[in-house]
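*Asks:* This is the structure, below, for whatever I ask next.
The values are calculated or read from the model by the stated rules, or taken from the named source; none is laboratory data. Bear in mind that the values here come from a model prediction, so they are computed numbers and not experimental data. Positions of Cβ are backbone-derived with ideal geometry, glycine not excepted, and every protein chain shown enters the neighbour counts. In case anyone asks, the SASA skips ligands and DNA or RNA and just uses the protein heavy atoms, side chains included. Shrake-Rupley method; radii C 1.70, N 1.55, O 1.52, S 1.80 Å.
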Amino acid sequence: AFLSATGGLRGRITNAGANVFGAHVVALDAEGNAAVSTLTELDGTYQISGLLPGSYALYAEPLDGPVTESSIGGQYDSRVNVNFTTTFLGGALNPAQRQSVQISAGSTLQEINIAVSPAPAAALNLTSPGLGQRVGLGTSVAFNSRGDGIVDGVTFQIPGPAISLAAPVFSGGNTARLTATVDAAASIGVRPIFAQRADATSALTGGLIITGQPPTLSSIQPATGMNSGGTRVTVTGANFNSGTGVSLAGVPLTDVTVLDSTT
């Protein structure tokens, strides 16, 4: 049932005609979220499954940090190829010029190949924030982004609607201060951060994590109950969603019904 409701794609990653082993291939959905990713095999081939029907962009990036081949082990050893720059389907380096493919349920697109561009003479490698910077819907966050070649003249992009980046502030030491503003209508998910020059692009996949607003509490009625349990209570606050869990002194409450966002 899962396979019949989802689709996928497969292809090969090459660099100047040679197969690229260990390339990180990422599928971005129409909202700019990193939906699924995988690594290429020794022959440069990859396969991505489990994509919901829709439009997806695709890029290949080297394992040049914060995740490297040493983080993975097994067959992903010193033969992993990192001598290329992040490249989108169709050969684009600019994320704004990325191409998309249409995924249909129950089918796998074939020969979705990417010929990556070679590594630039001067390194460009975005590696921080390594664990992803979290930001809630309808808020802004300022954070430092670091890596090789992060100097004045490099531009930054975060894909998808309802999110904007202020002009970066470079402070030396291969560091830029970024401020991201996320509209309340943005989709929750994991967005990549791209650093770009004319000759190279670096992707920090999962660099920005868009979260929902955390729930807040204002009251609980009644304020007392029997220690044997069984008291029905009403909790009020804000930002309640379907599936919200509630606990009292660390004990999960049962039979929880979310009436609306405040009750």
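*Asks:* About its Cα centre, what dipole magnitude does the chain give when the only charges are +1 on Lys and Arg Cβ and -1 on Asp and Glu Cβ, stated in debye to the nearest 20?
*Replies:* I would put it at about 280 debye.
*Asks:* Could you work out the relative contact order of the range 101-178? I mean the mean sequence separation of Cα pairs under 8 Å and 6+ apart, divided by the number of residues, in percent.
*Replies:* 26
*Asks:* Place +1 on the Cβ of every Lys and Arg and -1 on the Cβ of every Asp and Glu in the range 139-243, take the dipole about the Cα centre, and give the residue among SER187, THR216, VAL235 whose Cα lies farthest towards its positive end.
*Replies:* VAL235
*Asks:* Of ALA121, GLN75, THR257, whose Cα points farthest to the positive end of the dipole of the chain (charges on the beta-carbon: +1 Lys, Arg; -1 Asp, Glu; origin at the Cα centre)?
*Replies:* Result: THR257.
*Asks:* Based on the alpha carbon coordinates of the range 51-151, what radius of gyration and maximum Cα-Cα distance (Dmax) apply, in Å?
*Replies:* Just the Cα atoms of the range 51-151 yield Rg and Dmax of 16.4, 45 Å.
*Asks:* Right, another one. What is the dipole size for the range 19-82, taken about its Cα centre, with +1 at each Lys and Arg Cβ and -1 at each Asp and Glu Cβ, in debye to the nearest 20?
*Replies:* Computed charge dipole of the range 19-82: roughly 40 debye.
*Asks:* Additional query: Per the 1.4 Å probe, what fraction of the accessible area of the chain, in percent, lies on carbon and sulfur atoms?
*Replies:* Its accessible area is 53 percent carbon and sulfur atoms.
*Asks:* Let me ask you something else. Quickly estimate the mean residue ellipticity at 222 nm for the chain, helices only: each DSSP H run with n ≥ 4 gives -39500 (n - 2.57), and the total goes over all residues, rounded to 500.
*Replies:* -500 deg cm²/dmol
*Asks:* Determine the percent antiparallel among the DSSP beta bridges restricted to the chain, to the nearest 5.
*Replies:* So the antiparallel bridges amount to about 85 percent of the total.
*Asks:* Rolling a 1.4 angstrom probe over the protein heavy atoms, how many square angstrom per residue are accessible across the chain?
*Replies:* 50
*Asks:* Using C-alpha positions alone, give me the convex hull volume of the range 118-217 per residue in cubic angstrom.
*Replies:* That works out to 100 Å³ per residue.
*Asks:* Using θ = phi - 60° and the Karplus relation 6.51 cos²θ - 1.76 cosθ + 1.60, list the HN-Hα couplings for the range 48-54 in order, rounded to whole Hz, with x at every Gly or Pro.
*Replies:* Using θ = phi - 60°, the values come out as 10, 10, x, 8, 5, x, x Hz.
*Asks:* Then there is this: Of the residues ILE13, ILE193, ILE112, which exhibits the maximal mean-square fluctuation in a Gaussian network model of the chain defined by a 10 Å Cα contact cut-off?
*Replies:* Fluctuation is largest for ILE112.
*Asks:* In addition: Cα centroid distance between the range 230-258 and the range 64-131, in Å?
*Replies:* 43
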